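The values are calculated or read from the model by the stated rules, or taken from the named source; none is laboratory data. Note that the coordinates shown come from a computational prediction; the quantities given were computed from them, not determined experimentally. All Cβ positions, even for glycine, are placed from backbone atoms using ideal geometry, and neighbour counts span all protein chains on display.
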Amino acid sequence: MGNIELNLPPAQPNRAELFMLNISVIAFYGMAIIVTTNVISRWIGRPIIPDDILLVQELMVIVIMFPLALITACRLHISVDVFTEGLDKKGKKILALLEHSVGLIFLFLLAWAATNGMSKAWSTQEYYSGVLDIPVWIGHFLFTIGILFFLFRLAIMAVYDFRSLLRGV
Amino acid sequence: MDPIFLASIVVTFVLILLALKVPIAYSLGSCASIGLIVYFGWRPGSDLNIQSGLKPALQLIETNAYAFVHSYPLSMIPLFIGLGHIAYHADITTDLYKSLRILLRKLPGGLAIASVNGCAGFSAITGSSVACAAAMGRIAVPEMLKYNYHPRLASGSVAAGGTLGSLIPPSLLFVIYAIFTEQSVNNLFLAGVVPGLLTLVGFILTISIWCTIRPQDGPKLKDDIGKKDKIEAVIGLWPSFLLFFVVVGGIYSGIFTPTEAAAVSLAVAVMIGIARQKLKLSSVIEAGKETVRQTAAIFLIALAAKLFTTFISLSRVTPWILDWLSSIDPPFVVVLLAIVVFYLVIGMFLDSIGILVLTLPFTVPIMSAYGVDLIWFGVIVIKLLEIGLITPPVGLNIFVIRGVTPPSVTLTSVFQGAGAFLILDFVVLAMLLSFPVLSLWLPNSAF
Amino acid sequence: STVLRFADYGPNRGVRAEAMEWMASELEKRSDAEIKIDFYWGGSLVGGRDTLTAIESGVADAGTVVGFFTPQQLQAYNIGDLPVENSDMWVGMRAIHDLSKNSETLQEEFEKSGVVYLTNFTSGPVQLICRSEVNSLEDIKNLKIRASGPYADTLETLGAEVISMSQADVYQALDSGLLDCNQNYYYSIDAYRQYEVAPYILEMDWGQNLSFGIFANKFSYNSLNEHNKNVVNETSEDFIDHFYKSLKNSNESAKRKFQEDESINISYLSEEDKALLNESSKLSINEWKGRLESNGVDAEHFLEEYYTLIDNYKIEKTKVE
Ligand code: NA
Ligand code: NA
């Protein structure tokens, strides 16, 4: 990733992205607290947080999906740069556009799929058997939110890099 | 369209996009998604009908992407990445490497050797190679760089060391293999011990040879060390040792599972940091931010690899290749080598668990037909999967190390660094193939 | 010819896989090679939790559905998992099969989920495998037990401490002592090798998991011609007898193996304990009934239908034997 990062500066994450990063951090420590609390309480007596495995699964969705828009803004996606190290700035900008186009295809399909999955989970009103009977749609909803913000940021980056290519900066 | 033909087009596109520096997740994800739509929409013998392909393809994309993210066992990975960050902010890792540097000052590449051993110890705990690379990458690589280790040696040794995770018991991959082959989990665990240790010794040798040829890559400590410094160095080890013993003790005495160990060790690291007054709330938050950013980047790749695995599974390339192989009825050695090459090639693209459930239904009957000991074959398969974690273009351990280390460590340098260890891996693999007793001696003598 | 994608969450080994392979070869034979099955084992297409959706959307043409994963969509079909007094595998499978084919409640439920019911599996009766000696219900008090569904609820009311855990962790958890016992079935105790780390088996012969069947995609099923539809229906029905015989064999041979192995200890639940177990099971049956009724289903009548089928098949079985 090194070279392109030097050439194409990261974009400034917007407020929503910073907010989502913070939520993701809370979810991350939430997982650690839930598991540790139950390990300790189970060791002493009985686990006190019901459905801990199911809760951790829901939190995993937030931990993984919520920072995706921000890392896209900061150009933190991992790629193979062995074959393209020698390119000049213009060549690298063209590659960045290719990157965004391929990313947009993937993210568009993923967002479409996620939206379908969310509405299906809502319409069936399915839930995870347990003490809390956690509705399935919650996790799918969070998943979709993460992807939509990711897609939105990717589109902004594509426009931004395309303009800068046209300007020939 | 013929699924095999479709699969070869999709694989070609992935390779081209990867070479053009398109992020790994985008390359795998877009090709897999389009491949799925074409697969469902263009049945052999009919015309392309995108409309009819969309519903199942989108459903499958959503189902498998979501199921991958919505996972309890994988929570181990962010939690271990977080452990690395907390240990760093709490000065646990800094103290550890300061001490190790003094204690191992006479050993060329001493810190790299210590790190590889740390990986082995970590493997004995987690049973997951990727989790192991995630934590050790964050802990060990920056410290080695600080002491002027070459980025290739620093990152390569940890990327390779991380692959010990599934060979040294306990190991999730062995459990899955056992279920698919009806073999004893205990015996598989025992069978992994000698090959695991053999690999470890080999890695240590690799580092020693590397640092003998290029001493500047793993510099020794030149200054004279007083007795006081040595005593301080030994004392400086306590936080790391405390952490290690809480985790190992907790797992082996049945207080928590290996999956839970990730969360518990994070909590213990925070408590050690607070007790030593080295950890502030602001650094806990900072550690959390670094953790989730890196987790997201790594999981996006793994998620895309999962979709790609699903596509490959649907295309039935695996049974097609293996059917063809058994149809020509070659001698056993040829079959075995072909299967080894086969695992190495798909190990370049797919994730380990995906490979196991995808291939075992087809490779195991072939091996059984030749009367092969399935415990031995299990060790070979797991070793091959471990090798796949550090081979280009898709080497998950390499991406993980790249994801959790400073930008000065480029992906290329991690691959190059791991390359040296890859050579050793092939030597060990050749030994395991030639001398089944290396794997089978321990399980057979256990009864 | 039609090639059907079949999704299963389990390995391609063991008694269930063999029965499915048998079904595939029968379908091919009886349809003059017009129906072929491609199996996707080990969740290599979709995981167990997502199989119902995958069948509905056409990702898979058929697959193994575990009702436990969809307590809402297959609420009525979850009747099969209730700990009713019915631990005979043949009777259980026959009863749930007939119920699934004929009861209006289930037909509506499957129609709504967009799937066609083909045939049924069973887990066989529930047993307990433990690290230390367990001989009675008294002994399970305060033990850490991994169990699921209504069986977990019942064990909890009997004083056990039910722990949820992913299947991948169970072997090691039994080994380390994190778990004292695991709810399991004879053939699967053998397949998962849990006896290596937990050598005490308590034979409870308690209920069975019957919310566990093979379903097909509606469109794929309807695309078959009349002859092939009949082939599928008949083979599905024969599947039950075939699966029953091989499951019975493998349960018996697993049990024989455990009996011959001196390091493994099997104990049996007393009659009083069995009565207590069935009494305690009523709580979770009533809970399920309540949920069904709140969705406007006449649960009492539906359950009556099921009990009648069980009783009829019990009589039929004694006649056959
Ligand atoms: Na391990
Ligand atoms: Na690889």
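Below are the figures for this structure:
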item: Filtered residues of region A:119-136 (kept if in contact with a strand residue (DSSP E or B) (Cβ under 9 Å, 6 or more places away or on another chain) and assigned to a helix (DSSP H, G or I)); result: A:Ala121, A:Trp122, A:Val136
item: Test: residue in region B:251-263 that is free of Cβ contacts under 8 Å to residues at least 60 places away in the same chain, of a type in the set (A, V, I, L, M, F, W, C) and surrounded by fewer than 24 Cβ atoms within 10 Å (Cβ to Cβ); result: yes
item: Some residue of region B:136-149 being among the charged types (D, E, K, R), surrounded by 24 or more Cβ atoms within 10 Å (Cβ to Cβ) and either more than 16 Å from ligand 2 (Cβ to nearest atom) or within 14 Å of chain C (Cβ to nearest Cβ) (or both); result: yes
item: Hey, A:Leu55 over 17 Å from the mean Cα position of the chain (by Cα) and buried (at least 19 other Cβ atoms within 10 Å of the Cβ) or not; result: yes
item: Set C:Asp81, C:Asp180, C:Asp169: member being within 14 Å of chain B (Cβ to nearest Cβ), in contact (Cβ under 8 Å) with a residue 40 or more places away in the chain and surrounded by 22 or more Cβ atoms within 10 Å (Cβ to Cβ); result: C:Asp180
item: Elements of type helices (runs of 4 or more DSSP H) in region B:66-131, at least 2 residues being closer than 21 Å to B:Phe399 by Cα and polar (S, T, N, Q); result: B:110-126
item: Hits in region B:314-334 (condition: under 24 Å from the mean Cα position of the chain (by Cα) and crowded, with 23+ Cβ neighbours inside 10 Å); result: none
item: Helices (runs of 4 or more DSSP H) fully within region B:380-447 counting 3 or more residues that are away from ligand 2 (no atom under 16 Å from the Cβ); result: B:411-434, B:437-445
item: Unmet criterion (only one of (1) away from chain C (no Cβ under 14 Å); (2) surrounded by fewer than 19 Cβ atoms within 10 Å (Cβ to Cβ)) for B:Val248; result: (1)
item: Test: residue in region A:147-159 that is assigned to a helix (DSSP H, G or I), without any contact (Cβ under 8 Å) to a residue 60 or more places away in the chain and at the interface with chain B (Cβ under 9 Å from one of its Cβ atoms); result: no
item: Total residues in region B:344-393, condition within 16 Å of ligand 1 (Cβ to nearest atom), within 14 Å of chain C (Cβ to nearest Cβ) and either free of Cβ contacts under 8 Å to residues at least 12 places away in the same chain or not β-branched (Val, Ile, Thr) (or both); result: 3
item: Subset tally (residues that are in contact (Cβ under 8 Å) with a residue 60 or more places away in the chain and of a type in the set (Asp, Glu)) for region C:262-295; result: 2
item: Output for region B:212-228, where each listed residue is touching a helix residue (DSSP H, G or I) at 6+ places or on another chain (Cβ under 6 Å) and either at pLDDT 90 or above or not in a loop (DSSP other than H, G, I, E, B) (or both); result: B:Asp217
item: Any chance B:Leu173 is in contact (Cβ under 8 Å) with a residue 24 or more places away in the chain, buried (at least 22 other Cβ atoms within 10 Å of the Cβ), within 16 Å of ligand 2 (Cβ to nearest atom) and within 14 Å of chain C (Cβ to nearest Cβ); result: yes
item: Candidates B:Val357, B:Val334, B:Val340, B:Val345 - the one that is within 16 Å of ligand 2 (Cβ to nearest atom) and farther than 19 Å from B:Val14 by Cα; result: B:Val340
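So that you can scan it fast, the table gives a plain yes or no per residue for (1) at the interface with chain B (Cβ under 8 Å from one of its Cβ atoms); (2) out of contact with any Ser or Thr (no Cβ under 8 Å at 6 or more places or on another chain); (3) within 24 Å of B:Phe415 (Cα to Cα):
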position	(1), (2), (3)
A:Leu68	yes, yes, no
A:Leu76	yes, yes, yes
A:Ser79	yes, yes, yes
A:Lys89	no, yes, no
